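The values are calculated or read from the model by the stated rules, or taken from the named source; none is laboratory data. Keep in mind the model is a prediction, meaning the values are calculated, not measured. No Cβ is skipped: glycine too gets one built from the backbone with ideal geometry, and neighbour counts run over all protein chains shown. Protein only, heavy atoms only, side chains kept; ligands, DNA and RNA dropped before computing areas. Shrake-Rupley method; radii C 1.70, N 1.55, O 1.52, S 1.80 Å.
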Amino acid sequence: GGGGAVMAAGEGLVSVDYEVFGKVQGVFFRKYTQAEGKRLGVVGWVKNTSHGTVQGQLQGPMANVRELQEWLRKTGSPQSHISRAEFRNEKKIEALEHKDFTILK
């Protein structure tokens, strides 16, 4: 691993909340989402909800966040079956509010 990714000023950081529906619990969805987030240089969190979905927040450069949104919508973990992904509360942010991509219990 190299050093932490340096965010260029004015690159356009965004924050967006997400929820993924389908067979997304018990299929390592959170672990894969965390790994994909780290790979793309996106920070945030992911957790299972009590109603069978996975939800969380993504923050990072817009292009990277878009790539992870696409991954959440189409790919997910190998054994998951995504019916849909919803994104809301998208906003531009000045600085990242998370240091890492974490799995919340």
**Asked** For segment 46-76, how many residues meet the condition of being closer than 12 Å to residue 20 by Cα and of a type outside the set (Val, Ile, Thr)?
**Response** 14
**Prompt:** Can we say residue 25 is open to solvent by 60 Å² or more (accessible area, probe 1.4 Å), part of a loop (DSSP other than H, G, I, E, B) and in contact with a Gly (Cβ under 8 Å, 6 or more places away or on another chain)?
**Reply:** yes
**Request:** Evaluate the following for residue 70: is it out of contact with any Ser or Thr (no Cβ under 9 Å at 6 or more places or on another chain) and at pLDDT below 95?
**Result:** no
**Asked** Which one is surrounded by the most Cβ atoms within 10 Å (Cβ to Cβ) among residues in segment 78-105 that are among the hydrophobic types (A, V, I, L, M, F, W, C) and assigned to a strand (DSSP E or B)?
**Response** 101
**Matching option when the condition is open to solvent by less than 10 Å² (accessible area, probe 1.4 Å) and among the polar types (S, T, N, Q), among 75, 53** = 53
**Request:** Quickly run through segment 28-50 and pick out the residues that are open to solvent by less than 30 Å² (accessible area, probe 1.4 Å) and of a type in the set (Ser, Thr, Tyr).
**Result:** 33, 49
**Request:** Give segment 70-99 a look and list any residue that's in contact with a helix residue (DSSP H, G or I) (Cβ under 8 Å, 6 or more places away or on another chain) and farther than 16 Å from residue 28 by Cα, or say none.
**Result:** 84, 85, 87
**Complete:** When every residue in segment 1-20 that is modelled with pLDDT of 95 or more and over 11 Å from residue 80 (Cβ atoms) is compared, the one surrounded by the most Cβ atoms within 10 Å (Cβ to Cβ) is 18
**Message:** Can you find a residue that is open to solvent by 70 Å² or more (accessible area, probe 1.4 Å) and more than 14 Å from the chain's Cα centre (by Cα) anywhere in segment 56-71?
**Reply:** no
